[in-house]
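The block underneath contains the structure these notes are about, expressed in structure tokens.
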Amino acid sequence: MRAELEENRRRWNEATQFHTRGNVYGVEDFRAGECSLHPVEVEEVGNVEQQRLLHLQCHFGLDTLSWARRGAQVTGVDFSPDAISYARRLSDETQVPADFVCSDLYELQGTLDAKGSFDIVFTSYGVLCWLPDLAPWGKLIAHYLKPGGFFYIVEAHPTARLFPMEEDMPKAGTFPYFYDPVGLHFPAGADYADPTAQHTAEEHVWQHSLGDIVNALAAQGLHVDFLHEFPFCAWPVVAGSEPLEHGYYGRREDPQLPLLFSLKATKPA
């Protein structure tokens, strides 16, 4: 497993170089004062003024810094040294205060000594597939939350990859719904955000069902406040997706498919 995670780390170091060029990932928009967050999480997380927020798998920190602009006291965590280095530079350049920690998620407790310190633990969009095991992920969330604090995730729906993307056509049904510890392996190829950029690192991902996600949190005593499902996603996750009015992608024709979910879970006071 260590070899697979190290290969993924190399891939995300490469991705950082691609995603920070020009405005591929919205860096220039952020520098101009725009927010990288999407409407669903802004509405559902709510007011973060003076709240301590821990952002897991933060990439190079655009969303982390966007929460900081909304008044949160933020700490971003990612396993890519290149991503964390760029996040710190971007924080300095824009004068948006933030702390960034470079750590594998499974080793974070040995790096970040802040047990029970955060009002909010947040993660979003394309993060869970990079985790081979959700049980320690759930423990980590409970470890860092204050009593009465909450965890929030918005993420591609686990069923979305049962449906083909444009590049999968005409084949369908090739991706499993249920968890397999072996995971899936994909060769090096074009970057998802910049198709002109070619990775040299391969990728290893793991599928987690909605039950796996909920149970990893419930096992730590977290109370699920809500689980919402949506017929759109932050990227064109299935074939036939089109840009929608609110900035997401979805199908305008029936049947409407579950493409995104959000979940909030509170640590008992």
Item to complete: Might you check whether a residue that is part of a loop (DSSP other than H, G, I, E, B), modelled with pLDDT under 95 and more than 26 Å from P176 (Cα to Cα) occurs anywhere in region 225-241?
Response: no
Item to complete: Scan region 68-108 for residues that are more than 30 Å from R2 (Cα to Cα) and assigned to a strand (DSSP E or B) and jot them down.
Response: Q73
Practice prompt. Determine which member of the set A156, A188, A160 is surrounded by 13 or more Cβ atoms within 10 Å (Cβ to Cβ), modelled with pLDDT of 85 or more and over 27 Å from P231 (Cα atoms).
Written response: A188
Practice prompt. State the number of residues belonging to region 197-208 that are assigned to a loop (DSSP other than H, G, I, E, B) and either surrounded by 15 or more Cβ atoms within 10 Å (Cβ to Cβ) or at pLDDT below 95 (or both).
Written response: 7
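Name the residue, out of K139, K146, K115, that is in a strand (DSSP E or B), surrounded by fewer than 23 Cβ atoms within 10 Å (Cβ to Cβ) and in contact (Cβ under 8 Å) with a residue 24 or more places away in the chain.
K146
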Worksheet, complete the sentence: Among (1) buried (at least 17 other Cβ atoms within 10 Å of the Cβ); (2) over 20 Å from R10 (Cα atoms); (3) more than 15 Å from the chain's Cα centre (by Cα), A87 falls short only on (2)
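Could you run through region 58-88 and say how many residues are touching a residue at least 60 places away in the same chain (Cβ under 8 Å) and of a type in the set (A, V, I, L, M)?
1
So, in region 253-266, how many residues would count as being in a loop (DSSP other than H, G, I, E, B) and either of a type in the set (F, W, Y) or out of contact with any Ser or Thr (no Cβ under 9 Å at 6 or more places or on another chain) (or both)?
Count: 4.
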Response to the item:
Residues of region 216-233 being closer than 20 Å to V121 by Cα, in contact (Cβ under 8 Å) with a residue 60 or more places away in the chain and either surrounded by 18 or more Cβ atoms within 10 Å (Cβ to Cβ) or of a type in the set (V, I, T) (or both), in sequence order, are A216, L217, Q220, L222
Worksheet item: Just a yes or no: is a residue in region 246-255 among the hydroxyl-bearing types (S, T, Y) and at pLDDT below 95?
Response: no
Worksheet item: Does at least one position in region 37-57 carry a residue that is of a type in the set (A, V, I, L, M, F, W, C) and free of Cβ contacts under 8 Å to residues at least 40 places away in the same chain?
Response: yes
Response to the item:
Restricting attention to region 38-61, the residues that are crowded, with 22+ Cβ neighbours inside 10 Å and assigned to a helix (DSSP H, G or I) number exactly 1
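The values are calculated or read from the model by the stated rules, or taken from the named source; none is laboratory data. No experiment lies behind these values; they were computed from the predicted model shown. As a convention, Cβ positions derive from the backbone with ideal geometry for all residues, glycine included, and neighbour counts pool all protein chains shown.
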